Amino acid sequence: MKKRAAFRVVISMLLFMPAIAFSDVLKDDAVNDAVSDAASEGVALSLERVRLLALANSRSLARYNLAIESALLDEKARNFAYLPSLSLTGSASMKLWDAGGGATLANSLVAGGVLEISETLPLYEGGKAKILKAINALSTESARKDALAEYYAVLDNTDSAYYEALKAQANLESAESALAAAELSLAASQIRYEHEMIRHGDYLQALSERESAVTAKKQAERTLAISMANLKNIAGIAETPALAPVDFSRHENLILHCANLDETGINALCSNLWRIVMTNNPQLAKADISMQKAGKNSELAAKDYLPSVSAALSTGLDYTYQSGRANALSPFTGGLSLRVSIPLDFWVIKNKIDKQKLSQEQTRLGYLDTVASAAIDTQSAILNTILQAGTIASSRRAYEYAQKHFEYVQELYQLSQKSLSEYYDASNQAHNSLNRCVEAQYGFLLALSKVRSLGAFESDEDAAAFLLEERSDGE
């Protein structure tokens, strides 16, 4: 619950309190525990803790957070533009020498200070200030959506790296099992060959199969090393951690539910997810904000046809000191001026408006592309989830049958009733079936992560609950 709460804190900060740095947001007990586990020997890191480490280590996420802060400062700067301008100046002078001899250092010192307050107030500018304020607010909201999209991108990269590492571990275990089977077969073949029970070609095949198994094991070790290096880089840890295995039993109901969905259920699921994506997906939200900004910029350009009226008010306090004379403190003096500007270069304004309209149309087309891409991603995510769930069921059955077949062939081979080729065929079939089962299981988890990120769900559990909901296409 603590780790899930940490993810909710991050999302809340992105949406409502973006000015706080991620390094501060993520300094909670869950992150500290994850760092401690990563540095401890024999402690297995769960996916949730690796995610927290990746979020705390992400420089791209920190950059987006700085962009939010910069956008907020831009909003403040626009508000500050309407505050009075204050300035304080001072000066001092004296004569160092006088050819006539009439001045001395004592009576030539002159010093003074001026405090000035000025304010320029737009009386009428056609609503430009309101539009500019709206544009600044949209820029801030766009920066927030950028950060939220990057948050889910970090989670996706972390999930992929974590699952790839676990899959590489499983493949290495399978390769080690295949090597053990090959060495056992080679030992039996050598004894039979020495007693002239098998031909020389069969013995050479046993040697070849053993060397192939050694090569496969080395390749699996290399794949695991690369996967772990990638995971350590994402999480920002130096030591190679032990990874907590995935409890696939937690997902059994979801796997069975998805595997048994008919076409009507799949279509309803796609429609329901698409509605959530249209509402929550940060990339779509950013594209919509960009369209709103383009519309505001076009509206702002049209305001240039209107005249503008502004008033300037200035006042201040002047103090002068001169040696040998009475010091003077002048009273406040003030001035007021009005300025009216009427644009006459209509051709320039029209050209600017036409350019903004072209930009607005480009933004609209970009929005449509984003929507189309998101629609394809949504449908692909659901179909891939369904496919992986169905593949898990079939690959598990295939592995079960292949393993039983291998045990049967192995027993007959030990009784010299099956050939060496039949033994290796059965062994390879069993190991390949196991690898396909592992691939399908982790492929399903990655598909679930994709659904979570597309719909901007808070957790995998929320995404799984959505997939399990029985809702019609019209709901």
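Throughout, read-outs are computed from the coordinates displayed, never taken from laboratory work. This one's a predicted model, so the numbers in the text were calculated from it and none came from an experiment. So basically every Cβ, Gly included, is an ideal-geometry build from the backbone, and we count neighbours across all protein chains shown.
Once you list every other residue whose beta carbon is under 11 Å from the beta carbon of LYS418, what net charge do they have if Lys and Arg are +1 and Asp and Glu are -1? Display every interim value, and only then the final one.
On the way: positive: none; negative: GLU411, GLU422, ASP425.
Once all neighbours under 11 Å are counted, the net charge is -3.
Order by neighbour count: SER453, SER70, SER314, fewest other Cβ atoms within 10 Å first, most last. Walk me through the intermediate numbers first.
Working: SER453 22, SER70 12, SER314 16.
Ordered from fewest to most neighbouring Cβ atoms within 10 Å, SER453, SER70, SER314 come out as SER70, SER314, SER453.
Return the distance in nm (one decimal) between the two label points of a simple spin-label model at THR264 and ASP318, each offset 7 Å from Cα along Cα→Cβ.
According to this spin-label approximation, the distance is 9.0 nm.
If I take R0 = 56 Å and measure r between the Cβ atoms of LYS133 and GLU422 in this structure, what FRET efficiency does the formula 1/(1 + (r/R0)^6) give, to the nearest 0.05?
Numbers: r = 79 Å, r/R0 = 1.41.
The calculated FRET efficiency here is 0.10.
Simple spin-label model, 7 Å along Cα-to-Cβ: ARG397 to ILE117 in nm?
If labels sit at ARG397 and ILE117, their model points lie 8.5 nm apart.
Please state the charge dipole magnitude for the range 374-475, taken about the Cα centre, from unit charges on C-beta atoms (+1 on K and R, -1 on D and E), reported in debye and rounded to the nearest 20.
440 debye
Exceeding 30 Å between C-alpha atoms, which entries from my cross-link table qualify? They are LYS355/LYS450; LYS128/LYS355; LYS218/LYS404; LYS130/LYS355.
Working: LYS355/LYS450 39 Å; LYS128/LYS355 18 Å; LYS218/LYS404 27 Å; LYS130/LYS355 22 Å.
Those over the limit are LYS355/LYS450.
Rounded to the nearest whole Å³, what is the per residue volume of the convex hull around the Cα atoms of the range 329-475?
Working: hull volume 54.1 nm³, N = 147.
For the range 329-475, the hull spanned by Cα atoms encloses 368 Å³ per residue.
Can you figure out the FRET efficiency of PHE248 with GLU407, using R₀ = 35 Å and their beta-carbon distance, to the nearest 0.05? Please report the intermediate quantities before stating the final value.
Working: r = 23 Å, r/R0 = 0.67.
The formula returns an efficiency of 0.90 here.
With the crude spin-label approximation of a point 7 Å out along Cα→Cβ, what separation in nm comes out for GLN414 versus ASP202?
A separation of 1.7 nm, rounded to one decimal place.
Mind giving me the FRET efficiency for ASP74 and ARG364? R0 is 35 Å, r the Cβ-Cβ distance, nearest 0.05 is fine. Numbers along the way, then the final one.
Numbers: r = 25 Å, r/R0 = 0.71.
For ASP74 and ARG364, the calculated efficiency is 0.90.
Give the order of VAL309, VAL348 when sorted by the count of other beta carbons within 10 angstrom, beginning with the fewest.
Working: VAL309 14, VAL348 11.
Sorted ascending by nearby Cβ count, the order is VAL348, VAL309.
Tell me, PHE466, PHE406 in order of fewest to most beta-carbon neighbours within 10 Å? Don't jump to the answer; show the numbers that get you there.
Numbers: PHE466 17, PHE406 21.
Listing PHE466, PHE406 from fewest to most nearby Cβ atoms yields PHE466, PHE406.
Quick one: length gained pulling ALA44 to ILE191 fully straight, 0.36 nm per residue minus the C-alpha distance? Don't skip to the end; give the middle numbers.
On the way: separation 147, 0.36 × 147 = 52.92 nm, distance 4.33 nm.
So the extension gain works out to 48.6 nm.
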